[in-house]
Each structure stands twice: as structure tokens, then as C-alpha cells.
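The values are calculated or read from the model by the stated rules, or taken from the named source; none is laboratory data. Computed from a predicted model, the values in this text were never measured in an experiment. Here the Cβ positions follow ideal geometry from the backbone for every residue, glycine too, while neighbour counts run over all protein chains shown. For the accessible areas, the whole protein counts, side chains as well, though only heavy atoms, and no ligand, DNA or RNA atoms are used. Shrake-Rupley method; radii C 1.70, N 1.55, O 1.52, S 1.80 Å.
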Amino acid sequence: MTLKEALKLNSDDIQKLRDDLNTKIKNSNIGAYIEQLENKDVYSCGNGIPIAIKNNINVKNWELTCSSNILKGYIAPFNATVIEKLQNAGLSPFGLTNMDEFAMGSSTESSCHGKTLNPVDNSRIPGGSSGGSAAAVAAGLAIAALGTDTGGSIRQPAAYCGVVGMKPTYGRVSRYGIAAYSSSLDQCGPITQNVEDAAILYDILAGYDEKDSTSANIDYTKVTPNLTSDRKFTIAVIDNFVEQASQDIKDALNNSIKLLEEQGHKIIHTNMIDSSKIISTYYIISAAEASANLARYDGVRYGFRASNSGLKDMYIDTKTQGFGYEVKKRIMLGSFVLSSGYYDAYYIKAQKVRSIIKAEFDKIFETADLILSPVAPTTAPKFGSYTSALEMYLSDLYTISINLAGLPAISLPVAKDSSGLPIGLQLIANSFEEQTLFDGALSMEKAVKYI
């Protein structure tokens, strides 16, 4: 059942839907939900249409761990703004989806609760950090879910699992009540079964929030009432990005380009800044912001406390035992690039390159309405196939530049590889041009006829 169909149900049918999902979740073995991994009852509140929630979004009276030992036992004291918006629209939070610890990862393997399996092929990762949300939707364990996207964490797992994932323009959806990883990059967005459902859920989430200092206080027009696949766009392809994709991804991209041209869209080709500079810029900025944001988890105010043998020992022991390896590594990197003597050499330089990346996108949008790009260089890798952290970081090659520039983007499945694994491509639009983004995505969805 799609979200659009669920919105037409009466209260009795909604309750049956909730009961059915509850049974499916308890019987599932893919670990999409933390409750399933922890052998707990599914968290729920209200009686509305059930929407799965990534476990870094505050839902009042629910445990919020961000899949980290350091927050085990912490109960959220309030609702995030996106949760309030769901409830006001007749939707209800239903189940906590698994994620990489503090959203730092691309595979959902770093969760303290256990790993999530890709429902298409259980030997493969579901992507990350919103792997639980994408897996839940792909497996039919949720009609829709919320995820967060710092460097591709909605779009990449959506691509690996064969569903639709959308990252809004930075500032379009409130971050209030969402545990911060990298404050200038994070955005909450929908993971759904199709483009129209994504537009419906996006409309519910979007809008100004005075409680979020980064929220954009500009006019907002709902997308769904004006959604159409009939508009014709000029779509740019960044050729030097595509060079690093696998042959399966290249073939799917070329086939999609052909289908879009048959739909009446114009395809143009361009190039952009070297991708290695984008990766370096992203990991410097995101790690720097993470080191500041995660300083608050010190054993005093939140969750886990390791010892009471003295303030310094408590700080050291709590962070050492509470944080996982990947999180500690990024905190150390962030602290390094912000330290005296290295701030100018790394952090300031990364911010300058970030400005160049945004300027290059602006230049492309002078002649194009949308950009078409791969989401990841390959289809979903097998568990344990990453031989180094760098390999995992490179899987975000095509997604992180969009977050650095604050642009909206949507991932949708377009084909399958020889192993039957989903191949996802993403469309990227200019800032606050979500109508163009969704219209282009709907046209592409109809053209590729993914099954």
C-alpha cells in the first residue's frame, strides 16, 4: 500500500494496517527496526497512518539512541518539528529504524544495535546512514519513512534498496529535534515507494520553523497539487563524475538518458571540479562540525555514564566506552582540523572549496533545469567488502557535493544489474526548486518503468 492510498483509509482500516505492519516487523529478520534487533515491542504513538522514524529524530517518550551506546536509555523529552508536522497531518510515528551510529557511515553496520540487511539480497548492505528506513520501505515493513541526509544518507540507501529517497534544499525542512551530526549539511527527508508519495510526505514536512535558526523563512508552495510529468527540461550530465562509475551504472545512466530524450527532455553535457577535492572538503567540514556537536555527550546530561571517579576520568571513560570506532575517528579528525595551527590549513581552505563547488553548480543551472547523476559508483556491496574506510567514503562520491551546496535531490530506481540489484540515479535541482525536481523525477519514473 502506498502513502497516497493510505491517506484515503478510514480509522478501522488504518488500525488494521498498523496491526499488519506490527506483525510483519516482529517476524522480519532484516533488522530494519531497532525494536526487532532488541526484541522489543514496536514504538508507536497516536492512531494515524504509520510512518517509520529514523532513530536520530526525537519522538516524545521514545528511546533515542542514534544507534550509539552513549545514548542507550535516553528518553526523548519532546517531539521534533517534523514529528509535530506528521501528527498534524494525520500521520503517526511508528517504529524506530536502524542507522549508522550518529549517522556516520554508509552501510548501517556501525549501529550498536546490530546490522540491517538489504531486503533485495541479504548478503548485501542496505546503505547508510538511513539504511533501516530504506530497508523497511523496500521490504514492505513501512509504507514510508523519515531519514536524514548529511552526505547522501537518504539517497544512497534508497538507491541500494530500490526505493525513492529525497533530500530537500538545506533550510526547507526544520532540523529542530533532530540529533545533529554536521549542522550545515544535515537535512531530513522522505523515503517512499514512489515519487508521488515522496512529494506528499515532503509537503507535510516542509516549511519555516522559528525554533530552527537555519530554517529558511521564505514563501512555500506545496508541490503535490501541481505535480506533473508533462514539463520538458534541460538536464545536464556531469561527464567527469560518470567516469568513475561501474559499467552497470554507466549502462543504466545511458539508457535513462535515452528514455528522457524520448520524453522530450534536452540532455546537455558538462564537467565539474575534481571529485577528490569534493570528498576532502566534505570530510573536513563534516568532521569539524561533528566534533563540536558531539562534545555534549560527556556523561553529565545524556544517557550513558562510565564512572564517577572524577570529572576528567568520567569524560574520558564515557566517550571511550560510549562512542564506536567510526565516530571516535571522525571526532578526532574534526578536532585536529579545528586546532590551532591547522584551522587555516584545513578548515578554512575546505570552506573556500565549498564556495567553489556551489559556484560551479550555479553555473550549470544557468543553462540547465536539472542535473542527472549516479547515486553511487556501484550497486549495493556485500557485507565486509570494504577493505578500508576510504572505500566506504568513496561510495558517497556522487552525493556529498549536493549537501555542500545545499541543493535538493531525489534518488529513484531505474534498472537492475545482472545480479538483480537495484540501480538508482538522482536528479538534482537548484535551491528551493523542489517543484522542478519532483516534476522531473515523475517524468523519469514513468519513462524507466522500474519494476
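Computed values, structure above
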item: Failed criterion for Lys54 (all others in (1) open to solvent by 10 Å² or more (accessible area, probe 1.4 Å); (2) within 22 Å of Lys85 (Cα to Cα); (3) among the basic types (Lys, Arg) hold); result: (1)
item: Filtered residues of region 171-182 (kept if surrounded by fewer than 24 Cβ atoms within 10 Å (Cβ to Cβ) and aromatic (Phe, Trp, Tyr)); result: Tyr176
item: Every pair of residues 6+ apart whose Cβ atoms lie under 6 Å, when the first sits in region 393-414 and is within 16 Å of Asn430 (Cα to Cα) while the second is open to solvent by 10 Å² or more (accessible area, probe 1.4 Å) and of a type in the set (Lys, Arg); result: Leu404/Arg354; Ala405/Lys358
item: Tally, over region 205-246, of residues that are open to solvent by 100 Å² or more (accessible area, probe 1.4 Å), over 22 Å from Phe438 (Cα atoms) and either of a type in the set (Phe, Trp, Tyr) or at pLDDT 95 or above (or both); result: 3
item: Of all residues in region 59-74 being buried (at least 24 other Cβ atoms within 10 Å of the Cβ) and among the polar types (S, T, N, Q), the one that is farthest from Lys4 (Cα to Cα); result: Ser68
item: Per-region count, region 388-428, residues of a type in the set (Ser, Thr, Tyr) and surrounded by 19 or more Cβ atoms within 10 Å (Cβ to Cβ); result: 5
item: Residue selected from region 1-41 under the condition farther than 25 Å from Asn88 by Cβ and polar (S, T, N, Q), by the criterion least open to solvent (accessible area, probe 1.4 Å); result: Ser28
item: Residue match in region 375-398 (condition: under 26 Å from Asp203 (Cβ atoms) and among the small types (Gly, Ala, Ser)); result: no
item: Meets criteria (closer than 13 Å to Ile70 by Cα, assigned to a helix (DSSP H, G or I) and open to solvent by less than 20 Å² (accessible area, probe 1.4 Å)) for Thr318; result: yes
item: Selection within region 187-209 - assigned to a loop (DSSP other than H, G, I, E, B) and either under 19 Å from Pro413 (Cα atoms) or out of contact with any Phe, Trp or Tyr (no Cβ under 9 Å at 6 or more places or on another chain) (or both); result: Gln193, Asn194
item: Selection count, region 183-202, where residues are open to solvent by less than 10 Å² (accessible area, probe 1.4 Å) and touching a Lys or Arg at 6+ places or on another chain (Cβ under 8 Å); result: 4
